[in-house]
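The values are calculated or read from the model by the stated rules, or taken from the named source; none is laboratory data. Model, not experiment: these values are computed from the prediction. Cβ coordinates were reconstructed from backbone atoms using ideal geometry, including for glycine residues, and neighbour counts include every protein chain displayed. The protein model used for the area step is the full one, side chains on, heavy atoms only, and it has no ligands, DNA or RNA in it. Shrake-Rupley method; radii C 1.70, N 1.55, O 1.52, S 1.80 Å.
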Amino acid sequence: MQPTSHAFKANVRDALDDNTLQRALGNMKTGFIGKRAAAVARLPEFEALRDQGRAIKNHTLENLDFYLETFERNVTNAGGHVHWARTAEEARQLILGICRTVDAKTVTKGKSMISEEIALNDFLEAEGLVPVETDLGEYIIQLRHEAPSHIIAPAIHLLKGQVEEVFRATHTDLPADRPLGEVHELTDEARSVLRKQFLQADVGITGANFLIAETGSTVIVTNEGNGDLTQTLPKIHIVLASLEKVVPTLEDATGILRLLARSATGQEFSTYTTFSTGPRRPGDPDGPGEFHVVLLDNGRTAMLGTEFQDMLRCIRCSACLNHCPVYQSVGGHAYGWVYPGPMGSVLTPSLIGVKEAGNLPNASTFCGKCESVCPMRIPLPKMMRHWREREYEQGLSPAPFRAGLKLWAFFAKRPKLYRFGAGLAARLLGRLSGGTGRFTKLPLAGGWTGGRDLPAPEGKSFMQQWQARRREAA
Amino acid sequence: MDARSQILDSIRKSLKRGPLGEAAAAGPAGRIASHAPGLIPARTTTLDAKGLGDLFVRMAEEVQATVTRVAAPADVPGAVAEYLTSHNLPADLTMAPDPTLDVYPWDDRPLLRIRRGRAQDLDQVSVTGAFAAIAETGTLMLISGNDRPTTLNLMPDTHIVVLRADQVVGPYETAWQRLRAEQAGNAQPGNTMPRTVNFITGPSRTGDIEQRIQLGAHGPRRLHIVLVEGPDAKTA
């Protein structure tokens, strides 16, 4: 998809004015956040498991070439095929080539963020294939020609009436007077419509939550069972995965799985966790006849060895989105590309460049909530600061911001002058507020006062109070 | 340079090293060979067999699976028949050709019409065994094979799983250990894993519309477990 991350500020204004979106986002606090907290409280080992998860991924990244080669060998041993893709375009062509071998028409899909990253659906459609998303949320947004607004709940920005609307517009062969006002009616309709697609699909494409080097297995985690039907019923199963998904052993994946569902939906374990190894075996009554894994780099190997390497530990649980005050206020579409929220603010500039996505690492209050809930202990705020630094170094920040920063830096390097100036400014501002204690308007601070009042400084500065206390103590 | 070589090169360049030599590869290779379990939560580690069975049932019921506990294999067909009657479900079953299900006296319930094989689209009810059950989270572990079709776990509206008490383990790691032991005996070289290992925790669900949980998104709407309490469960 064409990124609109550069237009983040305009996107945000639209999002805040969108009443439907604001109502839909209101469901988030009662859902994900409360459930995660309860699930974490039930598992005393959760913090230790986070340390372990970080260690597993760090070890894997340090030996990534070894584990990918081992994974490839074991996929091949099990009768599958591994394909390497440097870029989104290479991955798309590889997938198309596999689809062409069986003259595929319908391609069912399990939910995959990598598929969004490489804009696979648009490509397959242009090539005359019919990609069908089967995760309920993905199916809804595919019908609406939208991007996902959340990495595990793609349609979280919608209310049920909007889903009813698009189902009525699409499923025109069903009786027009059928009841469709309730969530269960919508779910049932999608189930029966998509079941037909599962049965006629020639190829099923899923993502992967993990790749297991030891066994050559790929792992998907779902609640609906759509990923399983996607990969079991067609002739060919294609797994599309970015290469940092690999872990060494079944036990390593298991340890991280204990973190994943709890951090994501607050479940103890997702409904379906499925390990797939090669194609169906001789004599098996079902399962795909061919098994392909497309390993995508798309800029990730370049993140290794940099200050953004830690981002490659991400398991796409969405805890950082769910807990982010910015995401909660504006939803995912405002971020303007595939990955929203704090993880997106770090990952997106790596994948599409800081010039396009420089707004995103600036869209943070640095409250630190994201890092505090990240199961893989990724220092997201620190990495957003790194992106801000790079943006500054490359001269991409706006001129007034750069001038302001230079002015501030001049004083910050001269503490005595800084304190004198700060004290003077505080007294002046205090007096200018006219005793009201706040400003509703202030020159150069319109960005702040446009949405809220600026408190006027009162009393003594921190440094003055600090020195006074030290004198008292002495 | 081809994509594979270039990606591996790029990894090594970023990590500022060449390919791992024999000595350096010994660490990762050893990790794979030993596949040591990591931290295992204490939730299950102090429980005896009865405690594991109880925890499994509690956790499975928490995620809307239903469980009938029966005392002997002879009681299984009756428990299945009663479940179907009480839910107004048809008596037509599709059952895995799995020989471990043959020990239950299905002929005692002649009203059950049983077909053995993989699932077809309109099948309402499936019956399968399981490889193991994980008490830690109320999770069933099913593996595919010539007589264990994966489709039975996914397509019918109602999935009934017959589980023996000795199949209930504490953590996932114990189930992996059992699977490795079994596969070592009968797997073809290179195929250390079955094609499919399904961990199933409750019936299918979605929260994709307004975060309201609905059961039966694409997989079974109902997951019923018949737990056969063996001597293991009583004496441990």
Restricting attention to the range A:291-346, which residues are small (Gly, Ala, Ser) and within 16 Å of A:CYS374 (Cβ to Cβ)? A:SER318, A:ALA319, A:GLY341, A:GLY344, A:SER345
Going through the range A:287-306 one residue at a time, which ones are surrounded by fewer than 20 Cβ atoms within 10 Å (Cβ to Cβ) and more than 9 Å from chain B (Cβ to nearest Cβ)? A:GLY289, A:GLU290, A:GLY299
For the range A:224-247, does any single residue satisfy the condition of being farther than 25 Å from B:ARG212 by Cβ, under 19 Å from the mean Cα position of the chain (by Cα) and at the interface with chain B (Cβ under 9 Å from one of its Cβ atoms)? yes
For the range B:157-170, check the following and say yes or no: at least one residue is among the small types (Gly, Ala, Ser), surrounded by 24 or more Cβ atoms within 10 Å (Cβ to Cβ) and outside any helix (DSSP H, G or I). no
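Of everything in the range A:96-117, what is within 14 Å of chain B (Cβ to nearest Cβ) and either open to solvent by less than 10 Å² (accessible area, probe 1.4 Å) or touching a Phe, Trp or Tyr at 6+ places or on another chain (Cβ under 6 Å) (or both)? Give them in sequence order.
A:THR108, A:LYS109, A:GLY110, listed by residue number.
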Can you pull out every residue in the range B:1-14 that is touching a helix residue (DSSP H, G or I) at 6+ places or on another chain (Cβ under 9 Å) and either facing chain A (nearest Cβ under 7 Å) or farther than 24 Å from A:HIS83 by Cα (or both)? B:ALA3, B:ARG4, B:ILE7, B:LEU8, B:ILE11, B:ARG12, B:SER14
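Yes or no, residue by residue, for (1) in contact with a Ser or Thr (Cβ under 7 Å, 6 or more places away or on another chain); (2) more than 26 Å from A:THR271 (Cβ to Cβ); (3) assigned by TED's automatic domain parsing to the domain that holds A:PHE291:
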residue: A:GLY53; (1), (2), (3): no, no, yes
residue: A:HIS83; (1), (2), (3): no, yes, yes
residue: A:ARG86; (1), (2), (3): no, yes, yes
residue: A:ARG92; (1), (2), (3): no, yes, yes
residue: A:ALA104; (1), (2), (3): no, yes, yes
residue: A:LEU129; (1), (2), (3): no, yes, yes
residue: A:ILE140; (1), (2), (3): no, no, yes
residue: A:ILE151; (1), (2), (3): yes, no, yes
residue: A:PRO154; (1), (2), (3): no, no, yes
If you take the residues of the range A:174-184 that are in contact with an Asp or Glu (Cβ under 9 Å, 6 or more places away or on another chain) and more than 10 Å from chain B (Cβ to nearest Cβ), which of them is least open to solvent (accessible area, probe 1.4 Å)? A:LEU180
Among the numbered criteria (1) in a helix (DSSP H, G or I); (2) open to solvent by less than 30 Å² (accessible area, probe 1.4 Å); (3) in contact (Cβ under 8 Å) with a residue 24 or more places away in the chain, which one does A:ARG191 miss? (3)
Tell me which residues, restricted to the range B:121-155, are at the interface with chain A (Cβ under 10 Å from one of its Cβ atoms), at pLDDT 95 or above and more than 11 Å from the chain's Cα centre (by Cα). B:GLU136, B:THR137, B:GLY145, B:ASN146, B:ASP147, B:ARG148, B:PRO149, B:THR151, B:LEU152, B:LEU154, B:MET155
Name the residue, out of A:PRO443, A:PRO400, A:PRO455, that is open to solvent by 70 Å² or more (accessible area, probe 1.4 Å), under 30 Å from A:LYS9 (Cα atoms), out of contact with any Leu (no Cβ under 8 Å at 6 or more places or on another chain) and in contact (Cβ under 8 Å) with a residue 12 or more places away in the chain. A:PRO455
Take B:THR158 and tell me if it is farther than 22 Å from B:MET193 by Cα, within 14 Å of another protein chain (Cβ to nearest Cβ) and of a type in the set (S, T, N, Q). yes
Sort through A:MET383, A:MET376 and tell me the only one that's in contact with a Lys or Arg (Cβ under 7 Å, 6 or more places away or on another chain) and in contact (Cβ under 8 Å) with a residue 24 or more places away in the chain. A:MET376
Which members of the range A:122-140 meet the condition of being assigned to a helix (DSSP H, G or I) and crowded, with 21+ Cβ neighbours inside 10 Å? A:LEU124, A:LEU136, A:GLY137, A:GLU138, A:TYR139, A:ILE140
Going through the range A:317-329 in order, the residues found to be open to solvent by 10 Å² or more (accessible area, probe 1.4 Å) and assigned to a helix (DSSP H, G or I) are A:CYS320, A:PRO325, A:VAL326, A:GLN328, A:SER329
Is it fair to say A:VAL219 is outside any helix (DSSP H, G or I), within 27 Å of B:PRO194 (Cα to Cα) and among the β-branched types (Val, Ile, Thr)? yes
Mind listing whichever residues of the range A:352-372 are of a type outside the set (A, V, I, L, M, F, W, C), open to solvent by less than 70 Å² (accessible area, probe 1.4 Å), within 15 Å of A:VAL12 (Cβ to Cβ) and touching a Pro at 6+ places or on another chain (Cβ under 8 Å)? A:GLY358, A:PRO361, A:SER364
Across (1) of a type in the set (Asp, Glu); (2) touching a residue at least 60 places away in the same chain (Cβ under 8 Å); (3) surrounded by fewer than 18 Cβ atoms within 10 Å (Cβ to Cβ), B:ASP107 clears everything bar (2)
So which residues in the range A:40-81 are hydroxyl-bearing (Ser, Thr, Tyr) and surrounded by 16 or more Cβ atoms within 10 Å (Cβ to Cβ)? A:THR60, A:TYR67, A:THR70
Of everything in the range A:150-173, what is part of a loop (DSSP other than H, G, I, E, B) and open to solvent by less than 60 Å² (accessible area, probe 1.4 Å)? Give them in sequence order. A:HIS150, A:ILE151, A:ILE152, A:ALA153, A:PRO154, A:ALA155, A:ILE156, A:HIS157, A:LEU158, A:LEU159, A:HIS171
Just checking, how many residues over the range B:71-83 are buried (at least 18 other Cβ atoms within 10 Å of the Cβ) and in contact with a strand residue (DSSP E or B) (Cβ under 9 Å, 6 or more places away or on another chain)? 5
Is the range A:307-316 home to any residue that is buried (at least 21 other Cβ atoms within 10 Å of the Cβ), of a type in the set (Val, Ile, Thr) and more than 7 Å from every other protein chain (Cβ to nearest Cβ)? yes
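Residue by residue through the range B:138-148, note down the ones that are under 17 Å from A:THR273 (Cα atoms) and surrounded by 24 or more Cβ atoms within 10 Å (Cβ to Cβ).
B:GLY138, B:THR139, B:LEU140, B:LEU142, B:SER144
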Exactly one condition in (1) surrounded by 15 or more Cβ atoms within 10 Å (Cβ to Cβ); (2) basic (Lys, Arg); (3) more than 7 Å from chain A (Cβ to nearest Cβ) is false for B:ARG17; which is it? (1)
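Of the residues in the range A:271-286, how many are assigned to a loop (DSSP other than H, G, I, E, B) and either open to solvent by less than 10 Å² (accessible area, probe 1.4 Å) or farther than 30 Å from A:LEU61 by Cβ (or both)?
10
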